[in-house]
1. I need every pair where a residue in the range 181-196 that is in the same structural domain as I128 (by TED's automatic domain parsing) and among the aliphatic types (A, V, I, L, M) has its Cβ under 9 Å from the Cβ of a residue that is loosely packed, with under 15 Cβ neighbours inside 10 Å and at pLDDT 95 or above, sequence separation at least 6 or different chains.
2. Kindly indicate which of V222, V158 is touching a Phe, Trp or Tyr at 6+ places or on another chain (Cβ under 8 Å) and of a type in the set (V, I, T).
3. Here's a check for you: in the range 139-195, which residue that is in a strand (DSSP E or B), among the hydroxyl-bearing types (S, T, Y) and under 27 Å from the mean Cα position of the chain (by Cα) is nearest to N215 (Cα to Cα)?
4. Residues T103, T88: which one is at pLDDT 95 or above, hydroxyl-bearing (S, T, Y) and either touching a Lys or Arg at 6+ places or on another chain (Cβ under 8 Å) or farther than 25 Å from N215 by Cβ (or both)?
5. Tell me yes or no: at least one residue of the range 116-130 is under 23 Å from the mean Cα position of the chain (by Cα) and either among the hydrophobic types (A, V, I, L, M, F, W, C) or surrounded by fewer than 20 Cβ atoms within 10 Å (Cβ to Cβ) (or both).
6. I'd like the full set of residues that are surrounded by 17 or more Cβ atoms within 10 Å (Cβ to Cβ) and either touching a Pro at 6+ places or on another chain (Cβ under 7 Å) or not aliphatic (A, V, I, L, M) (or both), limited to the range 211-226.
7. Go through the range 106-127 and give me each residue that's in a loop (DSSP other than H, G, I, E, B) and aromatic (F, W, Y).
8. For the range 212-226, give me each residue that is small (G, A, S) and outside any strand (DSSP E or B).
Amino acid sequence: MRKNGIFKRMAAGILTGAMALAMLVSPAFAATEDKTEEDKQEVDLNGTYHAALGVQTSTQLWIQRMAYFEETQNKMYGTDMNDKLFYTDSDTQKDETVPGAFTDVEIAGNGTYTVSLTGADFKGETAISQLHIATDIPVSDAITFSNVEVTVNGRTIVKFDEAVMEEEKPYIAAGMDILILNHWRSELRTDLEGKGLPEDASSGWNLLIGSGDDNISVTFTVSGFAYDKKTEETEPEPTEAATSGNTETKAPGSDNKDDNKGGIPTGAIIGIVAGVVLVVIIVIAVVVSKKKK
């Protein structure tokens, strides 16, 4: 009888411990599911992102493609119209597309990238009021853009050693944005005038043919990531696993984030709880078995 009492007390103690550990696990799961907005917006220096060219004319039709990676400033985001040039017909209030093909890019590490628009028919529009590069890279001082070169119909119209970055919050809600032309930014207009590109239209710059075959491309350099863009000319460096004969390799950014926070990994906690529960079951089985004897 005394032994049975000891076993019962042991089982109760272990069960209490298991319940306590389970209570610790619950907040851990909640923390992973209920991330704050700040956590969601943190840039991953080992990650991949995207960039897209945005443009707006201003002669009469206001043909546009606002390239922001969210639907508040870009109503076409997430639709099959997101990569189309369009204008809103003043009579019917319907959105009408015009010819033109955009080439967006995936930003995968430090390097030089180009976004473009080719074969555009702007239906008589010759003035550009806005030209920008939208990205889905969360705003971060770690990432910088430089060597921005803008070409329209084969002619380089302006260069920036350091990119002029958008600072107004509504336009960077989904990521960093590079300003190139913008009629409504007086400092940018002054900078462009100093570079020999003053406004020559009532609300922008007359840079387009306006019909037929307009082409725009912007090349820029990205810095600040933890890795470099792969190119055909350079062979990727061998990984530590490859040089040591180990066949297991890690993808960039695949390290356990729980370890970086200095706490016990969620997986480890789950394993502990499972082990404790198993021990409780065994102890109870032993107690029941001795009772029957």
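The values are calculated or read from the model by the stated rules, or taken from the named source; none is laboratory data. On a predicted model such as this, the values are computed, not experimentally measured, just so you know. All Cβ positions, even for glycine, are placed from backbone atoms using ideal geometry, and neighbour counts span all protein chains on display.
1. L192/P198
2. That would be V222, the only listed residue that is touching a Phe, Trp or Tyr at 6+ places or on another chain (Cβ under 8 Å) and of a type in the set (V, I, T).
3. Among them, the one singled out is T151.
4. T88
5. The answer is yes; a qualifying residue exists.
6. Once the filter is applied, which keeps residues that are surrounded by 17 or more Cβ atoms within 10 Å (Cβ to Cβ) and either touching a Pro at 6+ places or on another chain (Cβ under 7 Å) or not aliphatic (A, V, I, L, M) (or both), the range 211-226 yields D214, N215, S217, F220, F225.
7. Once the filter is applied, which keeps residues that are in a loop (DSSP other than H, G, I, E, B) and aromatic (F, W, Y), the range 106-127 yields only F122.
8. If the condition is that a residue be small (G, A, S) and outside any strand (DSSP E or B), then G212, G224, A226 are the ones that fit.
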